[in-house]
Each structure stands twice: as structure tokens, then as C-alpha cells.
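Input: a single structure, listed below in C-alpha cells.
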Amino acid sequence: MIINCGPLTGFTQARYVIHMSTGKRLVLFRLPSIDPTSSKPNEKEGWSYYAMEAECPHAGGPMADSLIDIEDSAYVASCPWHAYDFNVETGESSVGIKACTYPIDVRGDNVMLEFPAEDGLNVALSKIEPVSEKVKLKNARPSETPTAKQEDSGMARYLDDDATLCDWAVHILNTAHPEHKIELTTHLFAIFTEREASSSPMEIGRGTVTAPDQPPREKMLTVNPGAMPRTGRGGTLKSRIAMLHALANIELWAIDLAIDICVRFATFQTEKSSEQLPRAYFHDWLKVASDEAKHFSLLRTRLEEMGSHFGALPVHHSLWLSAQETAYDLRARISIIALVHEARGLDVNPMTIQKFRLSGDAESVEALEVIHHDEITHVTTGHRWLTWICNQEGTDPVQVFRSNVQKHFRGPLRGPFNEEARLEAGMDKRYYEEMPNVVAAS
């Protein structure tokens, strides 16, 4: 049967989740046409539309969060959990399993979906939800003039078209203004991704620039982690503001961590095989950085809606201390930042969300749920690239992880663990159960 998904003007983002009345969920992709001269039924005005099942047929991973690449003149979506890849038009993959895809036909100004239904079964469209992917920027420059008014100190400074990824990374790391940092981060991910599909991909610039020892911060009262005021349990407005402020500080450092892992380790080579990091590595971490920018913007916006602002309370730099501790080894950096700190976020996020839900703060709950969902994919990214390194080097990623935790993480990995979310991200119990209470040497 043919289902009208709505007018073209209603589709402005890259992906949407379609909910059917049967409970089935699909992902609708809106992607730039690879060949603008073609005239396929699913294409119009330079855009191509595709629909596929929302759950990866391998292990149920969320295809709404898939990574999109172009291979052999076709779009391929890679599951964020285990990187299984699927042609978005045919559903075929390189691993032998196939995803269900659904033909799209653009008729006039409407997007029409062909959905199979048994005779006599009434199937309808329940709702269409855009997948959250945009930050809430305050004073972003007009998109059509990204280099305008460079002399205006109130605007972020953009680099020219010849800048490498590492040039951009160091520029972002050295940007103290948080609004400029999130603007530049999302811009870098957008242009890097756009140029990956062109004939002139962005140069990486391996080894041409040096990352700063510590990114600067603007007008922030910094204290030691132990001197931070208690946030409370979320029962009062003051307590909820303190909790969101602490989370916003974490997200701001998380931007720098994802950017830093691109430039600091750009010249990394695996032992024995001497493999360089592939371009997909940089794309994945720029996606993480862009997500973290979105998260900061959601929390900053919510703080202002609640009558406060980011910078109103003290902050600490403990996350960057872990970055400095692991600056010499990519395996250690991924282990501690992505698979300890980020994974710990998966453990505590549901409890934090419940505190806000019990307080009736639905707006904060919505933002925190977006953050939790994204952070599962961030742990997946860490797991993917530690596994890639270990596969190249003939080592066991679990043992490499556990060894680095013993060296660089002070104290035990304490539960309770969100086993379901960790498993979604690729971390089974071997990674975190029965870890000895080891304190790293200072």
C-alpha cells in the first residue's frame, strides 16, 4: 500500500523516524543526490529519499543513528553498534545479511512510502519524528556568508578552505568562548562530511600542528573537584540548575576531548603493521564532537530557561586531567575517556533523568534523554576504534582496556552498571566486572 508521509517542505533534516500503526518503525533518509542529473522516483530538487527498517537486523541497533557513507556510487548506512553496513536503497550489506528497505516515490510535492500490508489489514502512519541533530546556536553567522565580518570579535573566526582537519581542531581547542566553540565544531563536522562525498576531501594534516596542553576557558570560576558544591537530589529548582550546570561543564570538555583525539593522535600508527588511522576514524570522532556541542547547547538553553546561565556556578577540570594522563597513548585515551568516563555516564544517566521526571521537569528530561541516547553511540565509537587497533596489533581489546584502567584510573570501577546500555555499545561484562581496586601511581 502507498502511504503519504507529507509534503517535501516538511522534510528539512537528514533523517526521520516513521512510526506505523502496526508498531513498525522505519528511518527516512533525506540525502543529497549523488547524481543530480538522474531522474529517479525518489529524487527531487537535488535530494534523494530512502526508507529502511529502524532496527539493524543484526542486533537491533538504532539505524536512525547510523553513519552515512558513499560506496560504489550508493549511500551506505553503518549501524552505530557494530558497524554493520547496509545499502539504503537495496538493503544489501558486505556481511551477508540484508535489511528491509521500502521504496520512496516523490509525487508532485509529497513523499510517498510503499509499505507492504496483508490483505484486509489497515495500516496507517502514526507519526514522524525528526532525529535530533542540530545545536541551539545563539549568534551563528548567516550560513550563506560563513567568512563574513571576521573582524567582529563577537563572532567565531572561521578558517579558509585550505585549512586541514588538524588546523581546524587546534583552532577549536584554542577557542575559549563556549558559543564559538560549539559553532565551529558543528561547522567542522558538516564541511568534513560534505567534502567526503566530493572530489576534494579535506586534508587531515597529520603532524603539521600541535594541540595545546589544555584548552582555555572564558570567565569561569574553577575549583578542585572535591571543592565543588553539592548539587542535591533535584527536588528544588536550585538543585536542578546545579545538576544541569555540572553536566554542561562535562559536555563542554567532551567537545575538546573528541576534537583533541583527532589532532593529538593524527600520526598514530599501529604496532607491527604500521597502519595509519583511516579517514573513518576522524569522521567518527568529529561526529562525537558535534553531538557534544549539541548536548552543551541543549543544557545551556535549559539553564537560561530556568533563570540561570552557564558560568553562574563553579566548574572543575577533572576530565581534562584524564586527558593529560593519557596524552601519550591512543589506546589509553580511548580506554579511560570513552570506555570508563563515557560508559559511566550510561550508568548514571537513567537515575539523573528519573530525578528530573519526579520533579515534573519535562523539558530537562527531553534534553537529557537525547544526551543519553547519543552517548551510547559515543561509547560504541570508543569500542570500535580500540577494537580496530587491537585487531591490527593482534591483541585482546578487553585485556588492553583492563590494563589501561589499572594504570590510569584511580580507584575501582564501581557499579551499579547499566548492563543493557553498555552491551548496546559493545561492552560486555568482561570489560568491567571483577576489576581490582587499583589506585594508579601518581
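Values quoted throughout were computed directly from the atomic coordinates according to the rules given, and no laboratory measurement underlies them. Nothing here was measured: the structure is a model prediction, and the numbers come from that model. Cβ placement follows ideal geometry from the backbone for every residue including glycine, while neighbour counts extend to all protein chains displayed.
Over the range 223-325, one equal point on each Cα, no solvent: what is log10 I(q)/I(0) by the Debye formula at q = 0.12, 0.18 Å⁻¹? Log-scaled intensity ratios, in q order: -0.51, -0.89. Give me the distance between the Cα centres of the range 409-431 and the range 308-334, rounded to whole Å. Spelled out, the Cα-based centre of one part sits 20 Å from the other. Our summary gives the range 2-130 a relative contact order of 31 percent, counting only alpha carbon pairs under 8 angstrom and 6 or more residues apart. A crude spin-label estimate for the pair GLN324 and GLU393, with each label 7 Å from Cα along the Cβ direction, gives 2.4 nm. The sum of -39500 (n - 2.57) across all DSSP H runs of n ≥ 4, divided by the residue count of the chain, sets its helix-only mean residue ellipticity at 222 nm to -12000 deg cm²/dmol. Of the DSSP H helices in the chain, those that are both long (alpha-carbon extent of 18 Å or more along the helix axis) and hydrophobic (Kyte-Doolittle mean at least -1.0) are 178-196, 237-263, 279-305, 343-358, 362-393. Rounded to the nearest angstrom and listed largest first, the equivalent-ellipsoid semi-axes of the range 275-356 from its Cα gyration tensor are 28, 16, 14. By residue number, which cysteines of the chain lack any other Cys whose Cβ falls under 4.7 Å from their Cβ? Lone cysteines by the Cβ rule: CYS5, CYS100, CYS166, CYS262, CYS390.
Our summary gives the chain a relative contact order of 13 percent, counting only alpha carbon pairs under 8 angstrom and 6 or more residues apart.
For log10 I(q)/I(0) by the Debye sum over Cα atoms at q = 0.09, 0.12, 0.13 Å⁻¹, the candidate list reads [x] -0.62, -1.12, -1.32; [y] -0.87, -1.11, -1.17; [z] -0.54, -1.00, -1.20; the entry that matches the value derived from this model is [x]. When you restrict to C-alpha pairs under 8 Å that are six or more residues apart and normalise by the size of the range 26-102, the relative contact order lands at 24 percent. Computed over neighbours whose Cβ is under 12 Å from that of GLN392, the net charge equals -1, Lys and Arg +1, Asp and Glu -1.
Placing a label point 7 Å from the Cα of LEU121 along the Cα-to-Cβ direction, the residues of the range 1-44 with a backbone N closer than 16 Å are 1-3, 19-26.
Residues considered: GLU375, GLU424, GLU45. Largest GNM mean-square fluctuation over the chain, using C-alpha springs under 10 Å, is found at GLU45.
Each Cα pair of the range 2-130 feeds into the Kirkwood radius, which the Stokes-Einstein equation turns, at 37 °C and 0.692 mPa s, into a diffusion coefficient of 220 µm²/s.
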